[in-house]
Amino acid sequence: MTNPDGVDDEKRATLRRFAALGAATPLAGLSEPAAADTGESDARDAIVGYLSTTPGAHFSKIRDDLQLGTGETQHHLRRLEELEAIEQYPDGDYKRFVPADRFDEFEKQALGYLRRETPRGMLIELLLDPELAAGDLATALDVSPPTVSKYAGELETAGLLSREDGYTVERPETVLILIVRHADSFGQSAQRLAQSADQFIDYHG
């Protein structure tokens with residue numbers, strides 16, 4: 001349903017939900033007074049709120065999840081970068097976005113790969129059981145061994161995985177914290193890991 005002002009009710013509800021999150025962050029109030037008059041404030045606050053819960057999201061996901069137009073998304077992202085509220089970084093063919101000054105380079109790389117299903121699954125499985133071999137990972141994730149090998153090479157190049165003696169997650173505590181903190185945006189396997197994180201940390205501590 002569309003309101004008289006031309007804004008779809010579902011879109012409005014989505015923007016308001018994430019705008020409420022954005023308003024609760026230290027980045028609140030970054031939109032100019034004129035933006036509030038045109039509804040731009042809600043959209044920008046929504047992007048800030050969305051990225052606080054879904055850091056490392058790429059352009060298309062931000063646009064689609066917030067139900068914004070392409071030009072509208074480009075405009076608001078560019079303005080938020082100018083305001084130093086968010087920052088972007090390259091990840092292959094993607095441009096990913098995070099709240100400004102919150103993540104180091106390793107964490108940005110980790111977030112990018114955690115946003116991809118198979119690499120995320122590999123990292124989660126290896127956190128749960130560091131002894132897993134390539135064949136075990138392929139079975140657990142229902143992918144082929146060459147797929148595991150391909151992504152293992154990418155993760156190693158990105159500094160997230162060592163292949164010197166089997167597969168070992170680099171800075172596992174950091175990767176675990178990222179997964180647990182943003183589990184709702186990573187899917188069911190991350191949520192299951194988050195639910196048992198205390199026990200997992202105690203066990204491996």
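From the list S144, S162, S149, the lone residue that is more than 29 Å from T53 (Cβ to Cβ), at pLDDT 95 or above and in contact with a strand residue (DSSP E or B) (Cβ under 8 Å, 6 or more places away or on another chain) is S162. Given the structure, is E117 within 16 Å of the chain's Cα centre (by Cα) and of a type in the set (D, E)? The answer is yes for E117. Could you tell me whether segment 75-91 includes any residue that is within 30 Å of S162 (Cβ to Cβ), part of a helix (DSSP H, G or I), open to solvent by 60 Å² or more (accessible area, probe 1.4 Å) and modelled with pLDDT of 95 or more? Looking through segment 75-91, none of the residues is within 30 Å of S162 (Cβ to Cβ), part of a helix (DSSP H, G or I), open to solvent by 60 Å² or more (accessible area, probe 1.4 Å) and modelled with pLDDT of 95 or more.
The values are calculated or read from the model by the stated rules, or taken from the named source; none is laboratory data. This is a predicted model, so every value here is computed, not measured. With ideal geometry, Cβ positions are generated from the backbone for all residues, glycine too; neighbour counts draw on all protein chains shown. For the accessible areas, the whole protein counts, side chains as well, though only heavy atoms, and no ligand, DNA or RNA atoms are used. Shrake-Rupley method; radii C 1.70, N 1.55, O 1.52, S 1.80 Å.
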